Structures are given as C-alpha cells and as structure tokens.
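Take a look at the structure below.
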Amino acid sequence: MSLWTLSLTLAFVVAAMLVSLWQRLGLEKDMLVATVRATVQLLLIGYILKFVFHVGNLALTAAMVAVMTCVAADNAGRRGRGLAGRFWRPFVAIAATEVLTQGFLLAGHVIPVRPSYIIPISGMIVGNSMVACGLFLNRLRDETQARSAEVWTLLALGANPKQASRAVVKAATKASMIPTIDSAKTMGLVQLPGMMTGQIIAGADPIQAVRYQLLIVFAIMASAAITSIVLGLLTYPRLFNRFWQLLV
Amino acid sequence: MPHAPVAKHEPSPWAIEFRGVGRTLPSEDGPKSILTGVSGRLARGRVLTLIGPSGAGKSTLLSLCNLLQTPDMGEVFIWGREVRTWLLAELRRRVGLVMQQPVMLPGTVADNLAVPSRLHGRPQPDGYRLLQQVGLDPSLLQRPAAELSGGQKQRVALARILSNEPDILLVDEGTSGLDRESAEIMERHVRRLVASRSLTVVWVTHDLEQARRMGDETWLMDKGRVVEQGITEAFFEAPQTEIAKRFLRAGLRADRRTLAPGEEDES
Ligand SMILES: Nc1ncnc2c1ncn2[C@@H]1O[C@H](COP(=O)(O)OP(=O)(O)OP(=O)(O)O)[C@@H](O)[C@H]1O
Ligand SMILES: [Mg+2]
C-alpha cells in the first residue's frame, strides 16, 4: 500500500468531521488531534521497529520491552484509584507476567529469538496485562466494599490481613480473568483478532496466522492469571492499616 | 473444656482498663466527638452491663477493646497491656466481640463455627455442643448460615466467638432478636462461663431488667461519656446522677407497657 492510497482513507476522517460539524457535536478538533497523533505515533514506531529489526540487537529489543512495560505500569497505576500506589506494584505485576510468559515462549523455542517476534508478542502480553491490572484493582476495591461486613467479622475473630482478604482477592482475581476467557471462547466466531487479520492481509497463509493467534490467546490467558495473582499479593496489605483495620 | 488459667501470666488483675479514652470521627460539620474522657476498669471474672440511649457510644467503646477502632485519645489496657502493644491475632482471639449486627460467613453453620479454629490453627471445635450451649438445635449445623433467622444468627455469632475460647467476652445487644426464654438460655450460658472459667464480660443491652439480672457492675453512657458507674444493685436501687434517675424512670415506664413500640430497633 502506497502512502498515496493510504491518504485516500483520510476521506473517512473528513466524513466523520463533516458529521460532527453538521450535528454540532464539537468533536472536529479532537478528531484532528487524534488523526495526527495516531499517524505520527504509528509511522514513528514503524520506523523504529524497522531500525530495531534491522540491527537485530537483543539489548535494544530488551530496552524496547522495558519502555513498553513502564508505560503500561504508569497507565495502570493511574487507574488503580490509589490501591496500587503510583507505579511499582503494577510494574512488578506486568514485568513478572512478561518475563514468565515471554521467557517460556523463548525457552521452549516456541518463537525464535528475534526482535520481529519478541516485540509484537511482548506488546500483546504487556497490553493485556495492563488491562488485567486495571480490572483487578477496580474489582478488588468494589468487592471489598461490598463485603466489608464479612471482612470486619473475620478481623474481629482474629484473622490477619491475608486471611481476612482471601475471599475478596480471590473474587477479584476471578473477575479480572473472565473477560480474557470469554473473548477466547468467541475467538474467530465474533471477532477476527487484529494480529491475525494483519498477517492475512499482509499475505501470510491463514493457517500459519491462526497458529500464531492461538499462541497469543494462550499466552494472554496465562498473562491475566499471573498479573492478578502477583498484583493480589502486592496489594492486599494496603486494604488494611497497621492495626489490621479495614481501610476501604 | 481445656483452658489455660490466665491469672498466672497476667501481671494485672484488671481485665479491661480505660484511661481518659476519646474517639473523634470526621463529619460534614467538622470533627465530631463520639467518646470523651472515658475512664474505668473491670476486674477478671466480672460482668459489666453497659446501658445508655441509642448513639451514646456503647458499640464504639466495645470496638476499642479489641482494636477494631483505635482510640484518638487516652489508652485502653487489656490485662495490663495497652491494646496497641498486643499481637493483634492474640488480642482479638482473647477479646471476643459479638457485633451488634451478626454477620454470617459463607457456608453452613458448621463452617461458621470452624472459622476461628482455622484462623488460629487450633483443633476443630465440637459444633454440636457449641450450638446446644447457646440454646440452638444442633440439627442446624448443616444449614446454610445465610438462611437462619436474625435471632439464630445472633446465637451462632456467640457460639462462633466462644469457639475461640476468649477470656474477655464483649456482647453488643446479643439478645435483641430473641424471645425471653431464648435470651435467658444465653444469659445462663454466659453466666456459667463466668463462674467456671472466670470469663470477664461486657454486656451491652437496652433491656434494663436484663442489665440488672446479668450485671455485677453497670455503667450508664450518654453522649459519649460514662455518666455513672456502680455496682449493679446499687445503681438500680439508688442511682446517683440526675441523668441516671431519668434514664431509669423512662426505662421502667417503657417496660411496664406490655409491648413497647419497637423504637429501639437498631439502625
Ligand atoms: N462509622 C461512623 N461514622 C460516623 N459516625 C459514627 C460511626 N459509627 C458511629 N458513629 C456515631 O457515633 C455515635 C456512637 O455510636 P455507637 O454505635 O457507638 O452508639 P451505641 O451506643 O452503640 O448506639 P446503639 O444503642 O444505637 O447501638 C453515634 O452518634 C453514631 O452516629
Ligand atoms: Mg450500638
């Protein structure tokens, strides 16, 4: 696809802006900003990826994955509503997920040790892990508030924070894994996943594309589980003060 | 029932001692004082009945004893040690609190009774006996706890706390949902524990007759203060303060009516 043909698709943006003007939605400016940002960010990352793939340097690859992890952790921390602290708890959870999942794929020779494999797959693992963090923290807070009488009762019986929060942490872990499991169930029936679509359009054999997609589906399921478990271990103490009184 | 005598480990004869205790909570119009300058103490093996109008701070005072709330002023001593210096699991096992609104944990009645021993790594209690002692039919053991009536839940909550073998028992309106006969079964059982293993009890109630039956000592609370403390008999026979006299008169009038309107239904 040439840049010229790509620029034709800007017609979609123009159409959307016309609708916005016509209906006085006041979204034209946002659309313009979004279009410019998406274009610049993606073109830039395209050139960066081309460069990294070309150099084929593993340290550079690792650095890119680290940057991804930091951005994801920062984002997840913002959504944690204070429970996870600013940065390091989501960072540990996402990093542990990436290291374990990617480490398994590499150690088992499931994928070759090449930047063109490691970086996109890391992107999916880290991105999914980030979403799981946000879900887990939201659910942990909601679940704890809804069941606070039960938690207080356990505390009154002498339960320590770990014992008193076991049920709510478990419920939050479960809740944060359900979307991943559900989307795996309808995979291929409702949505054709982005990576597979991309590979097929780029000319890959659909059967090969499906195999890679399955790899991603499995890795993402493991990611959601690892993320919520690690984050659960790191955050449950923050539900309590030093006198074992429930804070939320 | 195996129960280590506590006296020999404990330097203090006082089971509970409050020294100038205050508690303040934030509210819309600035900080609000819900306990002010509470002092007093209770010896081992004694039963204290705590009475006072709704909102006086009775429940709050109980929750300071096992550190479910922290005093903002003053100190609370349990067996001579300030609550904040206790190992929390130990403090809360030994100072058992039956809350005003009993909460059943997921599972059956038997599961509920087994929770304390699971938390503290102790042998499973005899659920059958625990239920019998509080006047419940042991056939309830396999029932889902959520399905019990309010009064049954109160008794399961008491049995659950007792399976921890506390040496201080705090009961917050433990019989409010019970008929007279069931309430007396519960009273007798607690009294038996007081006699047999020197259990120390703080018993919060709106039922003045019960406060008189159960208590060795009685404290009257009003607006966050303890306004009168005394030996139960003396307190009811010859109250010293104006507030106590008024409170008792109003209470007796309410008791004489055959069925007082349920105005003291807790929040
Ligand atoms: N979590 C809370 N937030 C704000 N105010 C509270 C809270 N808990 C208690 N209070 C206030 O503290 C005061 C004392 O409450 P407490 O529950 O100790 O009273 P009580 O004597 O047990 O009353 P009752 O007989 O109705 O159970 C009340 O005025 C109540 O409104
Ligand atoms: Mg109360």
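Going residue by residue through the range B:96-118, is there one that turns out to be modelled with pLDDT of 95 or more, small (Gly, Ala, Ser) and in contact with a Leu (Cβ under 6 Å, 6 or more places away or on another chain)? Yes: one or more hits.
Among residues that are open to solvent by 50 Å² or more (accessible area, probe 1.4 Å), within 14 Å of chain B (Cβ to nearest Cβ) and on the phi < 0 side of the Ramachandran plot, A:Arg166 is included. If the condition is being in a helix (DSSP H, G or I) and under 14 Å from the mean Cα position of the chain (by Cα), then the range B:194-206 contributes only B:Val194. In this structure, B:Glu173 qualifies as in contact with a strand residue (DSSP E or B) (Cβ under 7 Å, 6 or more places away or on another chain), closer than 26 Å to B:Gly57 by Cα, away from chain A (no Cβ under 14 Å) and at pLDDT below 95.
Answer with yes or no whether B:Gly30 is without any contact (Cβ under 8 Å) to a residue 40 or more places away in the chain, away from every other protein chain (no Cβ under 14 Å) and more than 16 Å from B:Asn164 (Cβ to Cβ). Spelling it out, B:Gly30 is indeed without any contact (Cβ under 8 Å) to a residue 40 or more places away in the chain, away from every other protein chain (no Cβ under 14 Å) and more than 16 Å from B:Asn164 (Cβ to Cβ). Scanning the range A:213-243 for residues that are within 14 Å of chain B (Cβ to nearest Cβ), without any contact (Cβ under 8 Å) to a residue 12 or more places away in the chain and open to solvent by 40 Å² or more (accessible area, probe 1.4 Å) turns up A:Asn241, A:Arg242. The set of residues in the range B:96-135 that are over 27 Å from B:Ala15 (Cα atoms), in a helix (DSSP H, G or I), open to solvent by 30 Å² or more (accessible area, probe 1.4 Å) and within 13 Å of another protein chain (Cβ to nearest Cβ) contains only B:Asp111.
Taken together, the residues in the range B:207-227 that are part of a strand (DSSP E or B) and surrounded by fewer than 22 Cβ atoms within 10 Å (Cβ to Cβ) amount to 4.
Matching residues to (1) within 14 Å of chain A (Cβ to nearest Cβ); (2) within 16 Å of ligand 1 (Cβ to nearest atom); (3) in contact with a strand residue (DSSP E or B) (Cβ under 7 Å, 6 or more places away or on another chain):
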residue	(1), (2), (3)
B:Leu148	no, no, no
B:Ala157	yes, yes, yes
B:Pro166	yes, no, yes
B:Leu178	no, no, no
B:Glu187	no, no, no
B:Val194	no, no, yes
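Of everything in the range B:30-89 that's in a loop (DSSP other than H, G, I, E, B), more than 16 Å from ligand 2 (Cβ to nearest atom) and among the aliphatic types (A, V, I, L, M), which residue is most open to solvent (accessible area, probe 1.4 Å)? Looking at the filtered set, the residue picked out is B:Leu87. Taking the criterion of being among the β-branched types (Val, Ile, Thr) and in a helix (DSSP H, G or I), the residues of the range A:226-248 that qualify are A:Ile226, A:Thr227, A:Ile229, A:Val230, A:Thr235.
The values are calculated or read from the model by the stated rules, or taken from the named source; none is laboratory data. Source: prediction; values computed, not measured. No Cβ is skipped: glycine too gets one built from the backbone with ideal geometry, and neighbour counts run over all protein chains shown. Side chains are part of the model used for accessible areas, which takes the heavy atoms of the whole protein and leaves out ligands, DNA and RNA. Shrake-Rupley method; radii C 1.70, N 1.55, O 1.52, S 1.80 Å.
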